[in-house]
1. Quick check, is residue C:103 at pLDDT below 95, on the phi > 0 side of the Ramachandran plot and of a type in the set (Gly, Ala, Ser)?
2. Can residue A:203 be described as at pLDDT 95 or above, in a loop (DSSP other than H, G, I, E, B) and more than 20 Å from the chain's Cα centre (by Cα)?
3. Could you please let me know if residue B:467 is among the aromatic types (Phe, Trp, Tyr), at the interface with chain A (Cβ under 7 Å from one of its Cβ atoms) and assigned to a helix (DSSP H, G or I)?
4. Among the numbered conditions (1) away from chain C (no Cβ under 14 Å); (2) farther than 22 Å from residue B:355 by Cβ; (3) buried (at least 16 other Cβ atoms within 10 Å of the Cβ); (4) touching a strand residue (DSSP E or B) at 6+ places or on another chain (Cβ under 8 Å), tell me where residue B:117 comes up short.
5. Spot the failing condition for residue A:218; the list is (1) more than 8 Å from chain B (Cβ to nearest Cβ); (2) over 13 Å from the mean Cα position of the chain (by Cα); (3) at pLDDT 95 or above, and only one is missed.
6. Scan (1) out of contact with any Gly (no Cβ under 9 Å at 6 or more places or on another chain); (2) surrounded by 24 or more Cβ atoms within 10 Å (Cβ to Cβ); (3) modelled with pLDDT of 95 or more for the single condition residue A:224 breaks and write down its number.
7. Could you tell me which of the residues B:228, B:185 is in contact (Cβ under 8 Å) with a residue 24 or more places away in the chain, within 27 Å of residue B:267 (Cα to Cα), touching a helix residue (DSSP H, G or I) at 6+ places or on another chain (Cβ under 8 Å) and in the same structural domain as residue B:102 (by TED's automatic domain parsing)?
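The values are calculated or read from the model by the stated rules, or taken from the named source; none is laboratory data. What you see is a predicted model, and the numbers here were worked out from it, not measured in a lab. Ideal geometry is used to build each Cβ from the backbone, glycine not excepted, and the neighbour counts take in all protein chains shown.
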Amino acid sequence: MRIALFATCIVDAMYPDTAIATVKILERLGHQVIFPPGQACCGQMHMNSGYLEQAHTVVSNHVRAFEEQDWDVAVAPSGSCVASVKDQHPLVATRCGDDSLASRATAVGQRTYELSQLLTDVLGVTDAAAQLGSYFPHEVTYHPSCHGMRLLGLGTRQSDLLRSVEGLSYRELPDAESCCGFGGTFSMKVPDVSGAMLEDKARNIDSTGAELCTGGDASCLLHIGGGLSRLKLGARTVHLAEILASTREEPLVINHEKEATR
Amino acid sequence: MSTVNLGMPRVRAEGNLFEETPFADYAREELKNTQLRANLAHATHSIRDKRLRVVSELPDWEQLRDAGSAVKESVMADLPALLEEFEANFTARGGVIHWARDADEANRIVTDLIREQGADEVVKVKSMATQEIGLNEHLAEQGISAFETDLAELIVQLGHDTPSHILVPAIHKNREEIRDIFLKEMGDVDPNLDSEPAHLAEAARKHLRAKFLSAKVAISGANFGIAETGTLAVVESEGNGRMCLTLPETLITVMGIEKLLPKASDLEAFMQLLPRSSTGERMNPYTSMWTGAAHDDGPQNVHLVLLDNGRTNALADVHGRSALHCIRCSACMNVCPVYERAGGHAYGSTYPGPIGAILSPLLTGVDKAENGTLPYASSLCGACYVACPVKINIPEILVHLRGEDVEARRKRSKRPTEMDLVMKGAEWAFSKGSHLGLAEKGLPLGRVAAGRDGKIKKLPGHLLGGWTQFRDVPAPPKRSFRDWWAKEHKDSSGPGPSGPDAAGQEGGQA
Amino acid sequence: MSTAREEILGRIRDALADAPVAPEVPREYRRAGTLDEAGRVEQLVDRLEDYKAGVQVVTADRVPAAIAAHLRGAESFVTPEGLGAEWLGELEQDERRRVDKPGQRLSVTELDATSAVVTASKVTVSESGTIILDASPDQGRRAITLVPDHHVCIVPASTVVQLLPEAMERLDITHPLTWISGPSATSDIELERVEGVHGPRTLDVLIVSDR
């Protein structure tokens, strides 16, 4: 298949390894990956903060960037961005009275998938060790980000893939479905409540004894990782794409030296 | 604009609907109250589990929700005709209907009805609507004592406090605090009263029984009004509702205009949705229904005050009107991680939690008091939408109201806020791939700022500073993804690892 | 000058100027039960025991004795006028009996001094353990099942349905209705459920079945 990668703004700027890992996984499965260069952001930041007209600009760019290229499916390593593309883009367009953009956005959205959705539903990957060569001998706990879980209905797709990674020791996270407190600009506008939610999430992660917390949304992981670091708890965060891309030949090395000591 | 142009001016909503302190500030203070947080965490987690249990035992829960949502939507679409139908049926059976445009008018109507009976005290069944209009306070000013009879409302009233939760208004009080309130404020109480919940309930029973048996006038709300028959329904647990609805001669009910259901048979769905969502029971202990005045049975002087008080404002908001579908079950606040930590008082209004964050500004307008801060009291996690028995898309309405708030602020002040500037910058960066690429050229500065331990501890400004109040920020990477793609990714149409980093890569997020 | 009624209705009509269309209501939830009578009775017993009501399953001929047993120790009991020898047997002549009927209504004070009340019921939902009274002559006006502290309620098995939609079909909701699903309770104190606030603190149910 010809797969268009939507890196997402935060991964593009802050966590390129997540997108690199996504490319590797898909190429390993024999697909061709393209990167529509016009892409930038899904626009949820503007949308969710009430900046509708500015969201319209960002949505228009996204739709145009992906229409410009020829592909079978598009994929993003982010549940919230894919939910935004699928559900919010047509809504933003309609609310701004741009019906033509609405139908174009719907068309793009219909062929856009979150990574675990694509792997499980379209590419038939159920056993990461066998089909991707995934190898990651570490203790890992998993946080299911809200939008992927509730808006995309990802269910156990992500945790199933993780459990099928060779060597991975899966630790169940207490109160896993509780929001980590990121919520985009919520984390800055209502920082104390966000911080309280973050602390609970971080302590739950700490209680599992896992070295790492993974998930499918880099923004949540940035927030959670930032909290773990500030609270000087040992665990770190890593996106599940990087775990899936880790193999015996090219293992993902977790660098513990840079970690703050307890 | 998503609001329909009204021929007549918006009604001014009044009463206890106003957040006077910006939510973030109020929440910050409430977070310091560890007793409250402990009570709330315990309470909300317990109800969550109960609700999940009784909801998952039904094979047709989602179908019930679908029906509930559609019925409520049809009510809003046909509201004028349904109200007229209800009115005709209720009055045909001896009930009297009054219409109140706002809280003031409702309070005046109720006061006059009480005075007509020559009464100076009334017993009350818990009612959100009467809390909303501030009825008790108004009656007190008029020399009429209103005795709350729900245990939690009684606790709140005796404690000179305000409710913090729709369903369990005294959830912020533990048993010792309640015992202390009773000892201090209940005239006839046993001085050796302990804090056993059963004994506290017994004390309340004794205290209230005499009132019930002698009351001449009762005031209630209503959970549902059935248009087809003119029937009102009150759903309760303690029996104080039955006492108030059955024993006095005069019954005055206050109900929002949106609380109708079209047909008697609609109760078959709603009386499954409501109890399971609110108290997490298959059915609540007592439900009473009455249609006007029943011959030789119960109150003969039966009144209903239909209340607008901003509901028509909400109705006019095309993208917000589904908030009026709410059946006041409180499932949303029981699953809300923000409500769990901030508590109900932080929302400032009779309606707290997720539903309050949308309903209060819809009733009053986002530009009144600090109601414009309420739509931001959410991380948009969506748990409320999953729990809502009538499928109100609360996150979508929150985002819609944020848009209304941004627009209202823009109209009020030409000076951009910090958020406006951040958004403008981001819009530029995200409007083109090349712009984002350009913005990313600034990343190396972040690496410098992060220093040797690779962490940024403090960001400038009020907003970004809020981020680093609780979190470290990792050092930005050496190059962005699009840089890597352009320079290092070897375009291949086949499998296999690519590039010089085939030997292994450093990972994990610092 | 327009009245409040005209203003409110006018405002509503204006608010709906976008002419929203009432959607088709999907009724895919269960509307017919699958349990037979024995199954429904069993389910009802389970629910009643769960909310700590007293429950017995008796044949029709045993009903008077069962009621009498519950009334042992009661100083007085009230019955609605439509409850007769069929269910009461000899209790019909019991000197402790008070009949609440038109022209002979018990005052609130008299009801408060009455130990118990015995009534029939209209329809009962086994799934939720909900007994519905509709003020028919064999159930009486609402006050009599509210004020006395002990309610003995007769539920013929033929009036037990499994699901609420089935019950709604049998009800005329313009009658004053009381739905009972347990003795009164509150969870207002730290969410701990406490039974017996107002309303009868003891509920004894007699399910009448010929099995």
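1. Yes; evaluated as a whole, the condition is true for this residue.
2. no
3. Answer is yes for this residue.
4. (3)
5. Just one mismatch for residue A:218, condition (2).
6. Unmet for residue A:224, out of (1) out of contact with any Gly (no Cβ under 9 Å at 6 or more places or on another chain); (2) surrounded by 24 or more Cβ atoms within 10 Å (Cβ to Cβ); (3) modelled with pLDDT of 95 or more: (1).
7. Values: B:185 fails: within 27 Å of residue B:267 (Cα to Cα).
Answer to the check: B:228.
Yes/no per residue for (1) out of contact with any helix residue (DSSP H, G or I) (no Cβ under 9 Å at 6 or more places or on another chain); (2) within 8 Å of chain B (Cβ to nearest Cβ):
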| residue | (1), (2) |
| --- | --- |
| A:160 | no, no |
| A:164 | no, no |
| A:171 | no, no |
| A:176 | no, no |
| A:190 | no, yes |
| A:200 | no, no |
| A:222 | no, yes |
| A:254 | yes, yes |
